[in-house]
Amino acid sequence: MKEKGRFGDYGGFYVPEVLIPVLEELEEAYYKYYKDERFLADLDNYYRHYGGRPTPLYFASRFSEYCGFKVYIKREDLMHGGAHKVNNTLGQGLLAKYMGKTKIIAETGAGQHGLATAMIGALFGMETKIFMGVVDIERQSVNVHKMKLCGAEVVPVECGTGTLKDAINDALRYWTAHVEDTFYLFGSACGPHPYPTIVKHFQSCIGKEAREQSLEQIGRLPDMVVACVGGGSNAIGIFSGFVDDKDVRLVGVEAGGKSVASGNHAATLVAGRVGILHGAKAYLLQDEEGQVTETESISAGLDYPSVGPEHCLLKDSGRAEYVAAEDDKVLDAFELLTKKEGIIPALESSHALAYLMSQKGKLPAETVVVVNLSGRGDKDVGIVEKYRPVN
Ligand SMILES: *Cc1c(COP(=O)(O)O)cnc(C)c1O
């Protein structure tokens, strides 16, 4: 492998021997094409006319009034498919095409990455298989249906707990046997090298745009940039635009579940210990014996027991701060943004908003915050209705 894929001591590629040449081929292709003029022009065309880039940076005046400081929202919720995920699936899908692969596989938990992959599988005319735990298939029937409408095959994964981490294991296993014609389109900025680097690259359009828009619309950089963290892709995407601007605070918000203290949550960086999962060294939620623990929060899209290696380094170095938002506060944020702005946020993104609400009265009024609204909440209306019925 050309690069070690290390972020400090984190990351790397702790994978079975058979996967090394496969990852090497992917790394080589990535470095061959990611700055290639034809590739860039192709990707830009899809970003603009298929995906909907650039997304707006919107000053949320009524939400700001509540918080007591200025909140600008980066509108990734307006992307095709309803979230930032298509930035990555378009990028990797195009890479697959340039590599001459004809088939795509992907893992999915909540179904959002599976759907974003199924969409581009249809777009590029590639045979698509989505590996999904049987428990998740049961819980996410609408997304399963949408994937099938796009022509993808949903492969049920029965082993383990029938959730995301098992789906990743099965997809990796399948890949080793079908590498000739198959591309594994990984969903977040984690997993073995080179995925954290590739996914960050394709999500960095968020940060690049947000930085330019801040200078143009606000006349300066924000004081703080906030994003929710599952595997870490939307957060690293927006952070990448500001990480060299030392005065800009970076805050990642994880899923605190019912309460962080109760232990049932997905706050990997806040409460995890270093370990190895899915080929990478990173903070990991595990019990005393080192068994990976099941995560549980109100937003299925944040339920991943590990996190991208670059976030681990950003935490240790103190360059970024990581906090957890608990379910109840997340529901408050979902309701408030909808009431104040007429924008229904994804429950994942509502974690970032909940952190902003917790800072009410604690930051000077002239403070400018850019928050990444990673997705829209139409998919979550039914869940919210269960906890907070509207009469
Ligand atoms: C998948 C998803 C996330 C979490 O994934 P990251 O890789 O951490 O960005 C967050 N928000 C939305 C809307 C999602 O669909």
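Would you mention how many residues in region 326-365 are within 13 Å of the ligand (Cβ to nearest atom) and either crowded, with 24+ Cβ neighbours inside 10 Å or closer than 14 Å to Val270 by Cβ (or both)?
11
So, in region 10-25, of the ones that are open to solvent by less than 60 Å² (accessible area, probe 1.4 Å), in a helix (DSSP H, G or I) and β-branched (Val, Ile, Thr), which residue ends up farthest from Glu180 (Cα to Cα)?
If we filter region 10-25 for residues that are open to solvent by less than 60 Å² (accessible area, probe 1.4 Å), which is where we start, we get 10-12, 15, 19-20, 22-23.
Narrowing further to those that are in a helix (DSSP H, G or I): 19-20, 22-23.
So of that shortlist, the ones also β-branched (Val, Ile, Thr) come out as 20, 22.
Working: Ile20: 14, Val22: 9 Å.
The residue in question is Ile20.
What single numbered condition from (1) away from the ligand (no atom under 14 Å from the Cβ); (2) part of a helix (DSSP H, G or I); (3) touching a residue at least 40 places away in the same chain (Cβ under 8 Å) fails to hold for Phe202?
Checking Phe202 against (1) away from the ligand (no atom under 14 Å from the Cβ); (2) part of a helix (DSSP H, G or I); (3) touching a residue at least 40 places away in the same chain (Cβ under 8 Å), the one that fails is (1).
Quick test of your reading of the structure: Glu65 fulfils all but one of (1) assigned to a helix (DSSP H, G or I); (2) outside the structural domain of Leu185 (by TED's automatic domain parsing); (3) within 16 Å of the ligand (Cβ to nearest atom). Name the failing condition by number.
Going through (1) assigned to a helix (DSSP H, G or I); (2) outside the structural domain of Leu185 (by TED's automatic domain parsing); (3) within 16 Å of the ligand (Cβ to nearest atom) one by one, Glu65 breaks only (3).
Could you please find all residues in region 366-379 being within 16 Å of the ligand (Cβ to nearest atom) and open to solvent by 10 Å² or more (accessible area, probe 1.4 Å)?
Answer for region 366-379, where residues must be within 16 Å of the ligand (Cβ to nearest atom) and open to solvent by 10 Å² or more (accessible area, probe 1.4 Å): Arg376, Asp378, Lys379.
For Gly52, only one of the following conditions fails: (1) farther than 24 Å from Pro196 by Cβ; (2) out of contact with any strand residue (DSSP E or B) (no Cβ under 7 Å at 6 or more places or on another chain); (3) buried (at least 20 other Cβ atoms within 10 Å of the Cβ). What is its number?
Among (1) farther than 24 Å from Pro196 by Cβ; (2) out of contact with any strand residue (DSSP E or B) (no Cβ under 7 Å at 6 or more places or on another chain); (3) buried (at least 20 other Cβ atoms within 10 Å of the Cβ), Gly52 violates only (3).
Can you tell which of Leu363, Leu353 is under 17 Å from the mean Cα position of the chain (by Cα), among the aliphatic types (A, V, I, L, M) and assigned by TED's automatic domain parsing to the domain that holds Phe242?
Result: Leu353 is the single residue among Leu363, Leu353 that is under 17 Å from the mean Cα position of the chain (by Cα), among the aliphatic types (A, V, I, L, M) and assigned by TED's automatic domain parsing to the domain that holds Phe242.
If you check Arg273 against the conditions, is it modelled with pLDDT of 95 or more, under 28 Å from Lys4 (Cβ atoms) and not hydrophobic (A, V, I, L, M, F, W, C)?
For Arg273, the condition - modelled with pLDDT of 95 or more, under 28 Å from Lys4 (Cβ atoms) and not hydrophobic (A, V, I, L, M, F, W, C) - is met.
Return the total of residues in region 288-325 being touching a helix residue (DSSP H, G or I) at 6+ places or on another chain (Cβ under 9 Å), open to solvent by 10 Å² or more (accessible area, probe 1.4 Å), within 13 Å of Gly8 (Cβ to Cβ) and assigned to a helix (DSSP H, G or I).
The number of residues fulfilling the criteria is 3.
Quick check on region 92-106. Is at least one of its residues out of contact with any His (no Cβ under 8 Å at 6 or more places or on another chain) and within 16 Å of the ligand (Cβ to nearest atom)?
Yes; the residues of region 92-106 include at least one that is out of contact with any His (no Cβ under 8 Å at 6 or more places or on another chain) and within 16 Å of the ligand (Cβ to nearest atom).
Taking region 219-252, which residues are buried (at least 24 other Cβ atoms within 10 Å of the Cβ) and part of a loop (DSSP other than H, G, I, E, B)?
Pro222, Val229, Gly230, Gly231, Gly232, Gly241 - these are the residues of region 219-252 that are buried (at least 24 other Cβ atoms within 10 Å of the Cβ) and part of a loop (DSSP other than H, G, I, E, B).
The values are calculated or read from the model by the stated rules, or taken from the named source; none is laboratory data. Here the structure is a predicted model, which means the values were calculated and not measured. Neighbour counts are summed over all protein chains in view; Cβ atoms, including those assigned to glycine, are modelled from backbone coordinates with ideal geometry. Heavy atoms of the whole protein, side chains included, go into the accessibility calculation; ligands, DNA and RNA do not. Shrake-Rupley method; radii C 1.70, N 1.55, O 1.52, S 1.80 Å.
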